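Below you will find the structure I want to go over with you.
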Amino acid sequence: MLLDISNIKISRNNFFVNFILKHIVKKHALVIWSNIYCLREFLCPALIAHELVHIEQFKRYGFLGFIIRYLYQHYRYGYLNNMYEVQARAEADKFIEYAREICEKNKK
């Protein structure tokens, strides 16, 4: 699948989202639709490639459809066994070139 990266946005300086990432979800990044919220120090192609799989999942199931499915999986099986996380870990390699391009554009 070809992913259109032209409308993917990365935010690294959002105080509110950074607080949520560090203190509530305790993860390095979070995807909402085609926006990747990432802690500045963790911006790297491997992480962005993983998040691009989540963007593909959002597009496949729709915003609400994906959120409901993801939260159900998270509640039922936990983060590591959540099928959407398993898929993101397994398929991240197919987006690594896109991720490198995105990271290069967002170096600052």
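Read the figures in this text as sums done on the coordinates, not as results from a lab. Just so it is clear, the model here is predicted, and its values are computed rather than measured. In this analysis, Cβ positions are derived from the backbone assuming ideal geometry, glycine residues included, and neighbour counts consider all displayed protein chains.
Is it the case, given these coordinates, that LYS94 is over 18 Å from SER6 (Cβ atoms) and out of contact with any helix residue (DSSP H, G or I) (no Cβ under 7 Å at 6 or more places or on another chain)?
It is true that LYS94 is over 18 Å from SER6 (Cβ atoms) and out of contact with any helix residue (DSSP H, G or I) (no Cβ under 7 Å at 6 or more places or on another chain).
I'm trying to understand the selection: among the residues of segment 19-37, which are of a type outside the set (A, V, I, L, M) and within 16 Å of ILE67 (Cβ to Cβ)? Steps first, answer last, please.
Residues of segment 19-37 of a type outside the set (A, V, I, L, M): 19, 22-23, 26-28, 33-35, 37.
Selection gives LYS27, TRP33, SER34, ASN35, TYR37.
List the residue pairs whose Cβ atoms are under 7 Å apart, where the first residue sits in segment 76-100 and is of a type in the set (D, E, K, R), the second is loosely packed, with under 14 Cβ neighbours inside 10 Å and part of a helix (DSSP H, G or I), and the two are 6 or more positions apart or on different chains.
GLU85/TYR79
Consider ARG76 carefully, then state whether it is over 16 Å from ASP93 (Cβ atoms), touching a Lys or Arg at 6+ places or on another chain (Cβ under 6 Å) and not hydroxyl-bearing (Ser, Thr, Tyr). So that I can check it myself, show each step before the final result.
On the way: over 16 Å from ASP93 (Cβ atoms): yes; touching a Lys or Arg at 6+ places or on another chain (Cβ under 6 Å): no; not hydroxyl-bearing (Ser, Thr, Tyr): yes.
No: the conditions fail for ARG76.
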